[in-house]
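The values are calculated or read from the model by the stated rules, or taken from the named source; none is laboratory data. What you see is a predicted model, and the numbers here were worked out from it, not measured in a lab. With ideal geometry, Cβ positions are generated from the backbone for all residues, glycine too; neighbour counts draw on all protein chains shown. These area figures cover heavy atoms from the full protein model, side chains too; ligands, DNA and RNA do not enter into them. Shrake-Rupley method; radii C 1.70, N 1.55, O 1.52, S 1.80 Å.
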Amino acid sequence: MIAQYKDKRPGEATTIVLPDRTRDLLNYKRLWLISFILTALFALVPVVFFAVMDYKLTQKSLEKDGEARTARLASNTWRTVSFFLDERKNALTYVARSNVPERLSNPADLESILSGLQTSFGKFTDIGIINASGTQVAYAGPYDLTGKNYQKQDWFKETMDKGVSVSQVFLGYRNVPHISIAIRHESEKKDVFVFRATIEHELSQVFSHHETTHGGDIFLVNSQGILQTPSRYFGKTLAPLGISLPPRGEATQSFTFTFSGAALIAAYRYIPDTPFVLMVVKSQKALMAPWHGAKAQLLKYLGFSIAFILIWIWAVTGYLIRRLRVLDLKRAQYCHLAEYANKMASIGRLAAGVAHEINNPLAIINEKAGLIKDMATFKPEYQNDEHLNGALDVILASVMRCSKITRQLLSFGRRTKAKAVPLAPCKVLDEVLVFLAKEAELKRIQIDKDIPENLPLVVCDHGKLQQVMLNIINNAFSAMSGEGRLTITAHNDSDNFLSMAFADTGCGISQENMDNIFDPFFSTKTDEGGTGLGLSITYGLVQEMGGRITVKSRSSHGTTFTVYLPTIKGGEITP
């Protein structure tokens, strides 16, 4: 990634590409990926763990609540059934005790008694009087059952043995599912008879007013698992239940099971003194329907939370890795800049020493050449020797030229301490071109200058400005392998900046390399000895002087580097 900064000036915003890559640093993409994965794991594992725990606990709690509600319904309903049957037994006992056997044996009186029972209690199909031998001697109801013998039927045997019985559902002589409620009674004359009543379809209506929502089903079975009332799930009366009954108990119990692929919750209760087991069955899916909606919301919130955490971790780790990358890059740059500065200081000291050493023989040459010229002036035989006088003039001119070069070397080498001072850019440029004029002549490069004399002074360090110009011109020379032209122009901007443009006719820079030219160690001429530090150091020096640098280039059409430097306005230095 290329770091970009905006240097705002009045009326203009310039984007400058900064160095943001080195080849000897860390693998930041891998480091970011590892940091992101580890941070995400540490952040998400507890969230997902507790979300799963809460999910399972809530689901288990709702399942238990569904079982508890089913059990409560079963507890309430079995009492209703038990009360219903006890009420009928008590009614029969009262009728048997309050009427003489002769009246009970009279069909007309028995019809009147049935009508009274149906009016008072309802849900009586018929009644009858059965003697001790099991023959029904009197009957009131819709069937012709007078004279039928019940001696071998279980309900009759139980009644004679225990005094009262409630039968399971059976077909009997009428071939209609019904139950028998019978009591044994002994008259004052010690005659024993059985007073019996039957109930057919009315039994399933006893619990019809109870809640049967959520796919509920309330029905009765006997201890053998035969349906005593119709069931929504298991079929009609007298059909087999199809599942094993739990063991007998005194309290209401509940359990879950699967029937025809559906998960069901069942609560049951054995009704005392009857062959019936009350069962309440509800669909677990219907009971858990509210949970499914809440589950969807929970999963949605969990998904949003995970997405938010991942986005946050992605942003934070990316920011931290980018900051680490910038800091590591700056550290590497500063190390190389320090190394380069030390190298330049050493070169400066070496140049100063060389210049000093050269000045001594130059002084001797200048002195001896002057002496020879004086001698030639005073001796008539040499006064008119043009060859000798011309050679002496060439020697003295060369000595003056070497002296000028050594003075500039001393000036260049002694400026090691950075100090911003007003400078004339054209003079600094001339100082740099002195060192490069011979190289330009050898490479047949023409240097054109278009710098007005009335330009304001720039505020920067003399040595840094020399180094910037030297690096840019050297870079231009490298881009022009044969003949070429370097055009240097300068003009004053309207916002306290002076711009100097260095335009060459070299090979130019390809578009894919434009974003990387200021990167440290980036070079397309490493096989020719390029280090990739020149433009990076140039960029840093321009930034330190309070300026900026831009570049425009097209492949095979040359390159233009433009340096903006702060100027003096109104006698004051503008940063």
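Relative to the present Cα-Cα distance, how much length would full extension add between Arg248 and Val326 at 0.36 nm per residue of separation?
Length difference between fully extended and current span is 20.2 nm.
Excluding His185 itself, calculate the net charge of residues whose Cβ lies under 10 Å from the Cβ of His185, where each Lys or Arg counts +1 and each Asp or Glu counts -1.
Numbers: positive: Arg97, Arg184; negative: Glu186, Asp191.
Once all neighbours under 10 Å are counted, the net charge is 0.
Accessible area per residue, 1.4 Å probe, Å², for region 167-323: what's the number?
Numbers: 7990 Å² over 157 residues.
Each residue of region 167-323 exposes 51 Å² on average to a 1.4 Å probe.
Using the scaling law 2.2 N^0.38 Å as the reference, what is the normalised Cα Rg of region 209-294? Provide the component values of the computation, followed by the final result.
Values: Rg = 13.2 Å, N = 86, 2.2 N^0.38 = 12.0 Å.
Here the Cα radius of gyration is 1.10 times the empirical estimate.
Which of the aspartates and glutamates could a cross-linker span from Lys89 if the Cα-Cα distance has to be under 18 Å and same-chain partners fewer than 8 positions apart are dropped?
Asp126, Asp154, Glu158, Asp161, Glu186, Glu200, Glu202, Asp273
Going by the alpha-carbon gyration tensor, a ≥ b ≥ c the square roots of its eigenvalues, is region 177-258 rounded (a/c under 1.5) or, if a/c is not under 1.5, prolate (a/b greater than b/c) versus oblate?
The shape class here is prolate.
Within 10 Å, count the other beta carbons around each residue, average over each peptide in 469-476, 231-238, and list them highest first.
With the highest mean Cβ count within 10 Å placed first, the list reads 469-476, 231-238.
Pairs Lys60/Lys295; Lys123/Lys148; Lys64/Lys295; Lys157/Lys236; Lys404/Lys443; Lys64/Lys282: which exceed 20 Å Cα-Cα? The partial results should precede the final answer.
Values: Lys60/Lys295 13 Å; Lys123/Lys148 23 Å; Lys64/Lys295 17 Å; Lys157/Lys236 28 Å; Lys404/Lys443 24 Å; Lys64/Lys282 13 Å.
Correct reply: Lys123/Lys148; Lys157/Lys236; Lys404/Lys443.
Using a 1.4 Å probe on the protein chains only, how many percent of the accessible area of region 167-282 belongs to carbon and sulfur?
Working: 2570 of 5250 Å².
Reported share for carbon and sulfur atoms: 49 percent.
Quick one: net charge around Trp32, please, counting Lys, Arg +1 and Asp, Glu -1 for every other residue with C-beta under 14 Å from its C-beta. Could you put the intermediate results ahead of the total?
Values: positive: Lys29, Arg30, Arg322, Arg323, Arg325; negative: Asp328.
Neighbourhood net charge equals +4.
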